[in-house]
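Undergrad: Input: one structure, supplied below.
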Amino acid sequence: MNSREIWKELEIIIDQAKTAVLATADKKGRPHMRWVTPAIVDNRFGSIFMITSPGFAKVNHILAMPEVEWLFQTTNLDTIISINGTMKINRNASLNSEIREIVSTRLGTFWKLNKDPHDTVVLETMVTNSMLFKPLQGTKDIITF
């Protein structure tokens, strides 16, 4: 298996599950996990995106420690992908609009917490490696991007 094949599996999972778990660490190294709404953009292979508020804690975590881990899974748990990478805050207005358009129907909870629709930033993860686990088949593929 190669990085493009894992990427295709990831696209399928995101289309199906529409959520993922993101793990960050604060400046003291304590882990923090939360459910988030990921997005993939066709012409940006190797990057995972999400929208957040610049005032949310995860932004400070990323500024202190940009290494993150993602966990994606199918609803029936037959495919699980974990991804490590480096996350950055991307303030590009065009990208922000594009990501918001992709995930707009899945941000109900986010808008309850972030009342100002203009107060958003994009968090971009540049993938460094991934693991595809198929528990029913007993297989694991670890790929460096």
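The values are calculated or read from the model by the stated rules, or taken from the named source; none is laboratory data. The structure presented is a predicted model; accordingly, all values stated were derived computationally and were not measured. So basically every Cβ, Gly included, is an ideal-geometry build from the backbone, and we count neighbours across all protein chains shown. The protein model used for the area step is the full one, side chains on, heavy atoms only, and it has no ligands, DNA or RNA in it. Shrake-Rupley method; radii C 1.70, N 1.55, O 1.52, S 1.80 Å.
Undergrad: Condition check: touching a helix residue (DSSP H, G or I) at 6+ places or on another chain (Cβ under 6 Å), at positive phi and either in contact (Cβ under 8 Å) with a residue 40 or more places away in the chain or surrounded by fewer than 15 Cβ atoms within 10 Å (Cβ to Cβ) (or both). Does K18 satisfy that?
TA: Spelling it out, K18 is indeed touching a helix residue (DSSP H, G or I) at 6+ places or on another chain (Cβ under 6 Å), at positive phi and either in contact (Cβ under 8 Å) with a residue 40 or more places away in the chain or surrounded by fewer than 15 Cβ atoms within 10 Å (Cβ to Cβ) (or both).
Undergrad: Sort out which residues of region 119-137 are outside any strand (DSSP E or B) and either among the hydroxyl-bearing types (S, T, Y) or farther than 22 Å from A17 by Cβ (or both), and write them in order of number.
TA: D119, T120
Undergrad: Then there's this: Give region 129-145 a look and list any residue that's open to solvent by less than 60 Å² (accessible area, probe 1.4 Å) and β-branched (V, I, T), or say none.
TA: Within region 129-145, T139, I143 meet the criteria.
Undergrad: Failed condition for I102, given (1) modelled with pLDDT of 95 or more; (2) under 13 Å from P38 (Cα atoms); (3) of a type outside the set (D, E), with all others met?
TA: (1)
Undergrad: Within region 35-118, which strands (runs of 3 or more DSSP E) (wholly inside it) include 1 or more residues that are touching a residue at least 60 places away in the same chain (Cβ under 8 Å) and open to solvent by 20 Å² or more (accessible area, probe 1.4 Å)?
TA: Fully inside region 35-118 and qualifying: 67-73.
Undergrad: Among the residues of region 69-90, write down those that are of a type outside the set (V, I, T) and closer than 16 Å to A39 by Cα.
TA: Result: E69, W70, L71, F72, Q73, S82, N84, G85, M87, K88, N90.
Undergrad: Looking only at region 1-35, count how many residues are within 14 Å of the chain's Cα centre (by Cα) and basic (K, R).
TA: Total meeting the criteria: 2.
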